[in-house]
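The values are calculated or read from the model by the stated rules, or taken from the named source; none is laboratory data. These figures come from a predicted structure and were not determined experimentally. Note: ideal-geometry Cβ built from the backbone for every residue, glycine included; neighbour counts use all protein chains shown. In case anyone asks, the SASA skips ligands and DNA or RNA and just uses the protein heavy atoms, side chains included. Shrake-Rupley method; radii C 1.70, N 1.55, O 1.52, S 1.80 Å.
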Amino acid sequence: MTSDTTFIAGTAEIPALPPGVKLTTLDNGLTIITREDHTAPVVSAHAWCLTGSIHEGKWLGAGLSHVLEHMLFKGTTTRGAGRIDQEVQDAGGYMNAYTSFDRTVYHIDVPNTGARVAVDILCDIMQNATLPAEGMALEKQVILREMDMNQDDPGRRAGRRLFETAYTRSPYRFTIIGYPDIYNELKAEDVVAYYRERYVPNNKFYVVVGDFNTDEIVAQIRQAYAGTKAKAIPPMVLPEEPKQTAPREVIEEGPIEMGHFHISWHIPDLRHPDVPILDVLAVVLGIGRSSRLYQDLREKNGLVNSIDAWTYSPGNPGLFGISAMVDANKFLAARNAALIEVDRLRKQLVSPEEVSKAVKQFISGTLASRKTMQGQAQDLGGSWLAANDLNFSERYLAAIKHVTPPDLQRVARQYLVPQNRTLYALLPKGTSPAEIFTTTAAVNEPVQKFVFPNGLRLLVKEDHRLPFVEFRTVFRGGVLSETVENNGLTQLASKMLLKGTTTRSAVEIARAIESVGGSLDGFGGNNSFGVSAEVMSSDFQLGLDLVADVLLNSDFLPAEMDRERLIQIAGIQAQRDNLLRCAGLAMRRAMFGDTGYGLDTLGTESSLQSLEIADLQSFHNQLVEPNNCVLAIYGDVDADEVQAAVGEAFSAWSPGPAIVPVQIPEIRPLDAASRVVEVRDKKQAVIVAGFPGANIYDPDRYALELLKEACSDLGSRLFLRVRENLGLAYYVGAQNLFGLVPGYFAFYAGTDPGKLDLVEAELLREAELLRTEGLSATELRRAKAKIIGQRKIARQDLGGVATATALDELYGLGYAYSDTEDARYEAVTDADIISVAQKYLRPEALVVSIVAPETTPAEVPSET
């Protein structure tokens, strides 16, 4: 078969442009892609430069494209340092960027009122970035810290080493961020020259999707580029990866807790007709709980803690892969079992039912990515980059729908062969084995509330933009209902809800939901727990039946409990590699003790080992009751039909004699600052400085949230001073946890161990400034705009909205409470900010938590 964007007969009849999309090309070669979508008051603007790490020429491996990603938001000829971020915050928006092998993309999401600002900023940075040498010198230290972080993170390190092993000549073998030895040779003029050479109009395109007028946006971009000419782009011939002729295996060790391994095979580029078939094969093999790898290696034999299959399909030939996290002593068995599953695909036809399930999963996942304006823009940009075909993703889905069992067997036999295989494993020190081998117009319908005789509260919101239905069931509970002895019970019990009922086994539950491309999961947190599900609207009844079944007919089986207990313990162990998480947990323990928010939602290894089936049954009997439950069903539904269906599905659910009250602990008073230190064999150090905070019912929470936002955005004085001006930290910001009981407010930073004292002094200096001066009028206005703007953007995620309103109803605030929150943020005054800072950020209540290497020599402060 030859490479062709027409994957199957008939896909050529799909039009060149999706509905509502306009394609404009300026005389200088700049392409503008627009799509008006007025279903939400949001605009997502993206600027794509067709340059990535593979285009860096003589500087291959230096991370030039990534450096530019960091620098472009730092200022232009008309916007000084920090001004860009402030303008985005003023517009209520959010900006970000990413660099890949073949692209660098900058995107800004804003409410519709900020569309012109977002587009103006993107046009400015893509043409007029100043790239000052002094700014690059500071950013250089930040990027070096990021390289250290990537080395410390075992998942990222293993992924990078897989590509370095699988590719021998292709530039895909070089990490996108670059290598210190090459990166350190870069000079400011090299970055400027690369910017001028690659960021030319005929090597860029813009994608704008959302609630705007197309003619106005196109005219704005045209005007912004009126004086910019096309330029010759030096030809770049990328070396082809030679055909692999023998298996490769590399095993390395590091200071980590869990083992990570990858197996990969070379496959063609994204436009090849075999790639859609390989995508379906990946779903069959290892995507979802009913997949072959998950069921055999994780559920049946307990060989892995997590496992999945994937395809990486860029513009050049990519990879088909399997990734897993394992206990080191199970690595060999897990590797061999995974290869046996791959061999089965070569030898035996996949059943038509399994293919149908995989196809529907893939289509559902693809459609779900288009729920937001950002998702639509990313889809259009990816299609244009891949094939200069804005309907490429539709042709791809058409090809997916025609995949057959013989197709899967053919590609498995062609590509997933031993001589084309690469294995990379990263294991804990001393554990290497000795021997290796169609949308519709939407109306914003109000939420409707129904209360059933058994106390169950039902929230329904009709939203017909896409054919999806979101189910969210929430219950009071979480760590506030736990003790140090049974810590982790909520998380374990919520996962066990999906591990079998009196009518369905765990694998039958997984197959049922994934056969329709849906998802079903349990969750547990600080204040609550529950079950979430998503299905397409045509499968509403199945989704409701499954939710009702796992809640009403739970069958806690010992074998399943043992398996999930081990997975949760593995999560605790893996968590030790996340230094910020560890520092945060240590701070919480010091502040709250062994109760409430001082407990980790995952529990401890000892508490989990002590849990028995009777504990799960008691938990279920006490808390999984209709009068402790809110069920939210949002999406492509009819409210009256939902009410009737829910009434029937839960008619036999009787309330308990009384809801067992959640134990609300008293927070012990803090009258003197305290400090905790954990030593880790890592290159980075993390500091968290926390203070007791507010609960969800306290009006102070809004001022604290604004303080958190003002200390976390990229234009904040904390960020500008600590990271930008002083270069002391890679990341710095604030957190604010509030729940049914008072939580905490905290500053955090990741830094070089030798700079811990300096960073701590800066964090405490910020707390003092907030107590004495509060925020400037500009900072407060920007924080309000950012929070309110992000709330608007978040409303695109219907599942998130369902969760938020259900929790508000559960906690006694009322499902409509979030409708009033914008006004509550707007009402916060300068005086409120200072009052709240003085009330909560008290030096005597400070808890400092540090995670660092064993030796952290203090650095002598220098004058700045």
Tell me the accessible surface of Phe540 in square angstrom (1.4 angstrom probe, heavy atoms of protein chains only), to the nearest ten.
30
Amide H contacts under 5 Å for Val630, placed H, 5+ residues apart:
Val474
Rounded, prolate or oblate: pick one for segment 317-380, where a ≥ b ≥ c are the square roots of the eigenvalues of its C-alpha gyration tensor, a/c under 1.5 means rounded, and failing that, prolate if a/b is larger than b/c, else oblate.
oblate
Rounded to whole Hz, the Karplus (6.51, -1.76, 1.60) HN-Hα couplings of segment 712-723, x for glycine and proline:
10, 6, 6, x, 5, 5, 5, 5, 5, 7, 6, 9
Specify whether the C-alpha gyration tensor of the chain places it in the rounded, prolate or oblate class, a ≥ b ≥ c being the square roots of the eigenvalues: rounded for a/c under 1.5, otherwise prolate if a/b is larger than b/c and oblate if not.
rounded
What is the sum of charges, Lys and Arg at +1 and Asp and Glu at -1, for the other residues whose Cβ falls under 10 Å from the Cβ of Thr130?
+2
Applying the gyration tensor rule to the Cα atoms of segment 724-795 (axes a ≥ b ≥ c; rounded if a/c under 1.5, else prolate if a/b exceeds b/c, else oblate), the class is prolate
Ignoring everything except DSSP H segments at least 4 long, calculate the 222 nm mean residue ellipticity for the chain; use -39,500 (n - 2.57) per segment, divide by total residues, nearest 500.
-12000 deg cm²/dmol
Candidate residues His266, His402: accessible-area rank, largest first, probe 1.4 Å
His402, His266
Short version: ³J(HN,Hα) in whole Hz for each residue of segment 67-72, in order, from phi by Karplus 6.51 cos²θ - 1.76 cosθ + 1.60 (θ = phi - 60°), x for Gly and Pro, what are they?
4, 4, 4, 5, 8, 5
Using modelled backbone amide H atoms (1.01 Å from N, in-plane), which distant-in-sequence or interchain residues come within less than 5 Å of Gly318's amide H?
Ile267, Asp269
Set Lys140/Lys683; Lys140/Lys755; Lys187/Lys755; Lys360/Lys461; Lys357/Lys499; Lys74/Lys140 screened for pairs whose C-alpha atoms are more than 23 Å apart
Lys187/Lys755; Lys360/Lys461
In order over segment 37-43: 3J(HN,Hα) from phi, Karplus 6.51/-1.76/1.60, θ = phi - 60°, whole Hz, x for each Gly or Pro, gives 9, 9, 6, 8, x, 9, 10
Sorted by accessible area (1.4 Å probe), largest first, how do Arg781, Arg721 line up?
Arg781, Arg721
Could you compute how much accessible surface Val88 exposes when probed at 1.4 Å, giving the result in Å² to the nearest 10?
0
Val484 long-range amide H proximity, modeled H, under 5 Å:
none
Considering all alpha-carbon pairs of segment 158-302, what whole percent are spaced by more than 25 angstrom?
60
For a quick check of your reading of the filter: which chymotrypsin sites (Phe, Trp or Tyr not before Pro) in segment 691-756 sit in a DSSP loop and have no more than 15 other Cβ atoms within 10 Å?
Tyr697
So what does Lys187 come to for accessible area, using a 1.4 Å probe and Å² rounded to 10?
110
Roughly how many Å² is the accessible area per residue of the chain, as a whole number, for a 1.4 Å probe?
39
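Sort Ser364, Ser505, Ser532 from largest to smallest accessible area, using a 1.4 Å probe on the heavy atoms of the protein chains.
Ser505, Ser532, Ser364
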With a 1.4 Å probe and every protein chain kept in, tell me what percent of the accessible surface of the chain is carbon plus sulfur.
52
Total charge dipole magnitude, the chain, about the Cα centre, Cβ charges on Lys, Arg, Asp, Glu only, Debye to nearest 20:
1600
Out of all Cα-Cα pairs in segment 53-155, roughly what percent, to the nearest whole number, are more than 16 Å apart?
63
